[in-house]
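The structure appears below as structure tokens.
The values are calculated or read from the model by the stated rules, or taken from the named source; none is laboratory data. All of these numbers come straight from a predicted model, not from anything done at the bench. Every residue, glycine among them, receives a Cβ derived from its backbone with ideal geometry; neighbour counts consider all protein chains shown. Note: accessible area is taken over every heavy atom of the protein model, side chains too, but ligands, DNA and RNA are not part of it. Shrake-Rupley method; radii C 1.70, N 1.55, O 1.52, S 1.80 Å.
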Amino acid sequence: MAGGLLNVSWVLSLLCVLQMVETVSRARAPSAGAHISSQFPASGVSQTSVVDCQEVCGLNASDRCAFVRTNPDCHSDGGYLDYLEGIFCHFPTRLLPLAITLYAFWLVYLFLILGVTAAKFFCPNLSAISTTLKLSHNVAGVTFLAFGNGAPDIFSALVAFSDPRTAGLAFGALFGAGVLVTTVVAGGIAILRPFTVASRPFLRDIVFYMAAVLLIFTALYRGRVTLAWALGYLGFYMFYVATVVLCTWVYQWQRRRALVCSMPATPEILSDSEEERVSSNTNSYDYGEEYRPLLLYPETTAQILVQALNPLDYRKWRTKPVYWRVLKVFKLPVEFLLLLTVPVVDPDKEDRNWKRPLNCLHLVISPLFLTLTLQSGAWAFRRRCQVEAVERTSSISHPSADGVYEIRGLFPVWAVVVIAGTALAAVTFFATSNSEPPRFHWLFAFLGFLTSALWINAAATEVVNILRSLGVVFRLSNTVLGLTLLAWGNSIGDVFSDFTLARQGYPRMAFSACFGGIIFNMLVGVGLGCLLQISRGHTEVKLEPDGLLVWILAGTLGLSLVCSLVLVPLQCFQLSRVYGCCLLLLYLTFLVVALLTEFGVIHLKTV
């Protein structure tokens, strides 16, 4: 019961944070009810009509820029860059391939930002929060750590659900990631290292996953999600968490009872996790001990600050291959900005990663970053003010001409944040020491959680906007973009981590991760996304799937789960390379069918 109550409070607090982010994002977005204010002779668009943005490719090159600037369907509800305006207004028609290439590189870099933020800043702070709250490993694994691993998928889904035009992107990404993980990742693990899967956790997770897919499939069939259904998705995930905790407790109780009844001379059989922990402890060696100086001397405050802001480990740099160094060079700017803005609390370290000068600096920079991010920045606000033809008046706090919110029109909010943060940082600096973390250091984990969440939300918003822009250029549906580029980008980290675990001899752990995390992504992604829309005053969320493609996507995911549920027990829970090849073949078949459906080769006959 305690784990369930903590899970409820965690979801509600997360909902409040995301509601604040989405509310401010909505405040700076153009009105959905705006109309086109000019005519385009080449397209014959009337003065008061709202035209599908994909029609821009059918216009003359001279009319495209004015079309994307005045058509509300071409405007993004969030983000800092207008990608469609960049393509059709700032690049000549002959340089369109160059613009697409630059956007593709920027998309890859955005996925890199998502991965770095989630792995090195978001997940450690979530782990520190779960340790501070004294959650068990099972409750933390299916709540905080599951959210940390699926943060890119969750935030991408929330951003996509914030706009009805990109809701198909969310379903495509969630279903596409599910198909990818349950076929390519699971099949690749079986090919790399055949093994025997744990029967009870496998059956539990796959049954819950099938039930989650059935619930989402029912919502698509009904064409809408009400408040009861949105709460039902979140409640079903909480029921899954309670089931995991209960099954773990029953297993541990049975194991303790078996050990008590066993003979004293019988050697104790370690569980898989214990064997992995023992093997990792016996085979590990701290090579950092060789590089420690013989004579220790206290570091100055300036040295601690410089070392804390340095994202490059020179010892690791000399031992890594060339491709790792090239990737690290691209990561350095992002990691430096993240180190400067996001505090990290590490419970595994003796000093809990306490860096007094940097943490005091975080008390100023992190709240400032939160304020400026929520206010969306001056440039984005001015750009949208030029697009909007509707006059906005308000008696409450209103942004100034440069897009910065002010208190009663006199004092900017960011200045108040800087003054308060500086005062708090000064008190913290003089009341603490470099060698010992203060008792309130655990509060930095919550500050790091909020800041890294906004980093991920900002990157996910840009990913959704750039994918939608590419869909307009290539005339692709949001669903096919979600099941391919977005699903691949958000799942690439899971693919490499699970394959690495399998190569290192832990295929069972990697296979379990294929089903546990994806349940969280689907239920919480759809549940929170729809709940945020309903909280804005909508009675329900309308779902308009992109024709036959969504049903093929949902059907393929259900088929892969049914095949695993039937075939794995028939093989006595032994996963062979043949089974892995069959899963890979299923994904390739699905991909071919999906693309043929997108381009109209496969379609339903209308009566």
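What's the extension gain from residue 582 to residue 563 if we count 0.36 nm per residue and subtract their Cα-Cα distance? If you can, show how the numbers build up before the last one.
On the way: separation 19, 0.36 × 19 = 6.84 nm, distance 1.01 nm.
The residue 582-residue 563 span can extend by a further 5.8 nm.
Leaving ligands and nucleic acids out of the surface, order 598, 462 by accessible area at 1.4 Å, largest first.
On the way: 598 40, 462 10 Å².
Listed by decreasing accessible area, they come as 598, 462.
Among 65-73, 115-123, 561-569, how do they line up from the highest to the lowest mean number of other beta-carbon atoms within 10 Å?
Values: 65-73: 20.1, 115-123: 21.8, 561-569: 15.8.
The packing order, highest mean first, is 115-123, 65-73, 561-569.
How much length is gained if the chain between residue 62 and residue 239 is pulled fully straight, taking 0.36 nm per residue apart and subtracting their Cα-Cα distance, in nm to one decimal?
Full extension from residue 62 to residue 239 adds 58.0 nm.
Per residue, what accessible area does the stretch 419-495 have, given a 1.4 Å probe and all protein chains present, in Å²? Show your work: numbers first, answer last.
Numbers: 2960 Å² over 77 residues.
That works out to 38 Å² per residue.
What FRET efficiency comes out for the pair residue 200/residue 548, r = Cβ-Cβ distance, R0 = 41 Å, nearest 0.05?
Efficiency for this residue pair is about 0.65.
Between residue 416 and residue 102, what length comes free when the chain is fully extended (0.36 nm per residue of separation minus the Cα-Cα distance, one decimal in nm)? Numbers along the way, then the final one.
On the way: separation 314, 0.36 × 314 = 113.04 nm, distance 3.85 nm.
Extending this stretch completely gives an extra 109.2 nm.
Under a Cβ-Cβ cut-off of 11 Å, what is the net charge of the residues other than residue 109 that fall near it, where Lys and Arg count +1 and Asp and Glu count -1?
Details: positive: 331; negative: 462.
Value of the local net charge: 0.
Kindly rank 204-211, 172-179, 519-526 from highest to lowest mean number of other beta carbons found within 10 Å of each residue.
Ranking the peptides 204-211, 172-179, 519-526 by packing returns 172-179, 519-526, 204-211.
Assuming R0 = 56 Å, can you tell me the calculated FRET efficiency for the pair residue 322 and residue 91, based on Cβ-Cβ distance, to the nearest 0.05? Before the final figure, lay out each step's value.
Numbers: r = 33 Å, r/R0 = 0.60.
Efficiency for this residue pair is about 0.95.
Can you compute the FRET efficiency between residue 426 and residue 133 using 1/(1 + (r/R0)^6), with r the Cβ-Cβ distance and R0 = 25 Å? Round to the nearest 0.05. The partial results should precede the final answer.
Working: r = 30 Å, r/R0 = 1.19.
The pair residue 426/residue 133 has a calculated efficiency of 0.25.
I need the peptides 87-98, 442-453 ranked by packing, meaning the mean over residues of other C-beta atoms within 10 angstrom, with the highest value on top.
Numbers: 87-98: 13.7, 442-453: 21.7.
Going by the mean number of other Cβ atoms within 10 Å, highest first, we get 442-453, 87-98.
Report, in whole Å, the centroid distance computed from the Cα atoms of the stretch 411-456 and the stretch 199-222.
That distance is 42 Å.
Largest first, what is the accessible-area ranking of 348, 63 with a 1.4 Å probe? Write out the running numbers ahead of the final one.
Values: 348 145, 63 30 Å².
Highest to lowest solvent-accessible surface, that is 348, 63.
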